[in-house]
1. Can you give the longest run of the chain that contains no trypsin sites (Lys or Arg not before Pro) sitting in a DSSP loop with at most 15 other Cβ atoms inside 10 Å?
2. Ignoring ligands, DNA and RNA, please state the percent of accessible area on region 1-116 from carbon and sulfur, probe 1.4 Å.
3. So what is the orientation-averaged projected area of region 92-142, using the convex hull of its C-alpha atoms, in nm²?
4. Taking all protein chains together and a probe of 1.4 Å, list Met120, Met143 from the most accessible to the least accessible.
5. Averaging the inverse of every distinct alpha carbon separation and then flipping it gives the Kirkwood radius. What is it for the chain, in angstrom units?
6. Put +1 on the Cβ of each Lys and Arg and -1 on the Cβ of each Asp and Glu in the chain; which of Val64, Phe135, Thr150 then has its Cα farthest toward the positive end of the dipole?
7. Please report the spacing between the Cα centers of region 130-165 and region 12-90 in Å, no decimals.
8. Whole number please: convex hull volume per residue of the Cα set in region 51-143, in Å³?
Amino acid sequence: MNKKYFITLADYNTWADNIAMGWLNQIDDEQWNQAIISSFSSIQQTAIHIASAEKIWVDFWRKVPDPVYLSAGFKGTKNDLIEIWGKASAGLRNFIAEYPEESYLQKVSLKKPNGEEDQMEFVQTFPHIINHSTFHRGQLVTMLRQVGFTKLSSTDLFTFYRLHC
């Protein structure tokens, strides 16, 4: 793993997040809140989960004292969430650009939603969050189709490479 590769993955994540947020901007409140059987109960809850995870990992990396999972009690609007998610995605990319490659093997302390504390090497945490977001954006695609939204486009890493590298 090297910094250039991590920056490319962060750029990919921001690109794919922006596409997903664009989809969310096009759905109505009924679609946003509609109950769907999936990992999370609605498009709203899935989007909150993605934004929360991206935000909390940057907080862990920055050693923010007592970081709070956004998913623990988000009460804002769809637009509020999209704004938070956009900032979290950009913050993830900015952190990667600033973080020294020689620190990739340092341990990152984290607190799971259940309160359990753990540690992982940074080099493990960053690919995890990219994979995590990709997985849940895929769920958004399926959920959006279920509520009748079909104006979807590829967020595949291959597509990103073809367009941007």
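1. 76-150
2. 51 percent
3. Result: a mean projected hull area of 4.4 nm².
4. Greatest to least solvent exposure: Met120, Met143.
5. Result for the chain stands at 16.4 Å.
6. It is Thr150.
7. 14 Å
8. With only Cα atoms used, region 51-143 gives 107 Å³ per residue.
The values are calculated or read from the model by the stated rules, or taken from the named source; none is laboratory data. Note that this is a predicted model, so its numbers are computed, not measured. A quick note on method: Cβ atoms are made from the backbone with ideal geometry, for glycine too, and the neighbour counts reach across all protein chains shown. Areas reflect the complete protein model, heavy atoms only, side chains present, ligands, DNA and RNA absent. Shrake-Rupley method; radii C 1.70, N 1.55, O 1.52, S 1.80 Å.
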